[in-house]
């Protein structure tokens, strides 16, 4: 597994912390997921409401690496300011950089993403850019210093899986040394397996676990599926072919006509 | 007395600087990050950040995210 800005993860599973029915279910899901990374965010907090303080204590107890995001940001300035605030609170240079360009699909604004990436890398951040499978955008991000790319599988929260397998395969092939994380769109464990079989280095998901009927069990299912895909990719899968090829040897077959 | 906005809520305060303001509003000891008028203000700079009437203050804390 490629590393993430010098950090080797125990498992290639990054799990979001939003939308769980309760803090206890979130904790159970993380335990059974064996996820190495938890994604977190920043929101306004009233002085009378200690929700953020309790949440942070809960995350610290999970004993995982924290990846703050800039979710909900729509401009370079907003994303850069949020990243600085996140770095101070979470004491990490890691930032999952999201700059949203379109509301219905939550399509990343890749132009703003590139500009925000430039600013943040100059400021010493380790940027995890939430992007598309666009090769040219990826090239710009890598040239700016990104050592990780986070292409979407499908729109955030859609659960559609990998909408453009060809594009993701091309991205993987073009940047063999860059750690790559499928971020967003994964709905089923089988889709996570598929992504890992493509040679991705990790999967980041949230809704598919948090919104399952049994989030903890689904978290474990994803852990198994991601591991299966990782093992399969490392085992060098056979190449598909158009014509049939008998697996049982023909040589020595009895003449029974 | 100064009139400012904290997280979009109108607030009247007497604090001279951002560090005092956080104490006045009950954030003492809380893990929060701050911005004033859209600019990040690091914890180490809160004492130097003078609060003026009309300032827009943002106080953010850790929250769930995907």
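For helix A:165-174, what angle does its Cα long axis make with the longest principal axis of chain A, in degrees from 0 to 90 and rounded to 10? In chain A, helix A:165-174 runs at an angle near 80 degrees to the longest axis. Just the number, please: percent antiparallel of the DSSP beta bridges in the protein assembly as shown, rounded to the nearest 5. If I count the DSSP bridges inside the protein assembly as shown, around 45 percent turn out antiparallel.
Over segment A:93-186, Cα pairs under 8 Å with separation of 6+ residues give a relative contact order of 26 percent. If you take the square roots of the eigenvalues of the alpha-carbon gyration tensor of segment A:108-190 and sort them as a ≥ b ≥ c, do you get rounded (a/c under 1.5), prolate (a/b over b/c) or oblate? Prolate.
Across segment B:2-60, Cα-Cα distances exceeding 16 Å account for 30% of all pairs. Among the residues of A:38-44, the average count of other protein chain beta-carbon atoms within 10 Å of the residue beta-carbon is 6.
Cβ-to-Cβ counts within 10 Å put A:236, A:146, A:73, B:13 in ascending order as A:236, B:13, A:73, A:146, the fewest first.
Descending by average beta-carbon neighbour count within 10 Å, the peptides A:153-163, A:37-47 line up as A:37-47, A:153-163, the highest first. Once C-alpha pairs closer than 8 Å and six or more residues apart are averaged by separation and normalised to the residue number of segment A:14-143, the relative contact order reads 18 percent.
Can you grab the distance from the C-alpha centre of segment A:201-257 to the C-alpha centre of segment B:50-66, Å, no decimals? Centre-to-centre distance over Cα atoms comes out at 47 Å.
Ordering A:227, A:5, A:130 by the number of other Cβ atoms within 10 Å of each residue's own Cβ, fewest first, gives A:5, A:227, A:130.
The convex hull defined by the C-alpha atoms of chain A has an orientation-averaged projected area of 17.6 nm². Among A:174, A:74, A:107, the residue with the largest mean-square fluctuation in a Gaussian network model of chain A, with springs joining Cα atoms closer than 10 Å, is A:174. Computed per residue of the protein assembly as shown from DSSP H runs no shorter than four, each worth -39500 (n - 2.57), the mean residue ellipticity at 222 nm is -10500 deg cm²/dmol. Quick one: grab the alpha carbon gyration tensor of segment A:155-257, order the square roots of its eigenvalues as a ≥ b ≥ c, and give me rounded if a/c is under 1.5, else prolate or oblate depending on whether a/b is larger than b/c. Here segment A:155-257 falls in the prolate category. For peptide B:11-21, the mean count of partner chain Cβ atoms within 10 Å of a residue's Cβ comes to 0. Working ranking of peptides B:3-10, A:196-203, A:51-58 by packing, defined as the average number of other Cβ atoms within 10 Å per residue, highest first, is A:196-203, A:51-58, B:3-10. As a rough footprinting exposure proxy, the listed residues A:82, A:207, A:27 were ranked by other beta carbons within 10 Å of their own, and the order from fewest upward is A:27, A:207, A:82. For the segment B:23-31, counting C-beta atoms of other chains within 10 Å of every residue's C-beta and taking the mean gives 3.
The alpha carbons of segment A:1-133 stretch over 43, 39, 30 Å along the principal axes, in descending order.
No lab work stands behind these numbers, since they all come straight from the coordinates. Keep in mind it's a predicted model, so treat the numbers as computed, not measured. Virtual Cβ from ideal backbone geometry, glycine too; neighbours counted across all protein chains shown.
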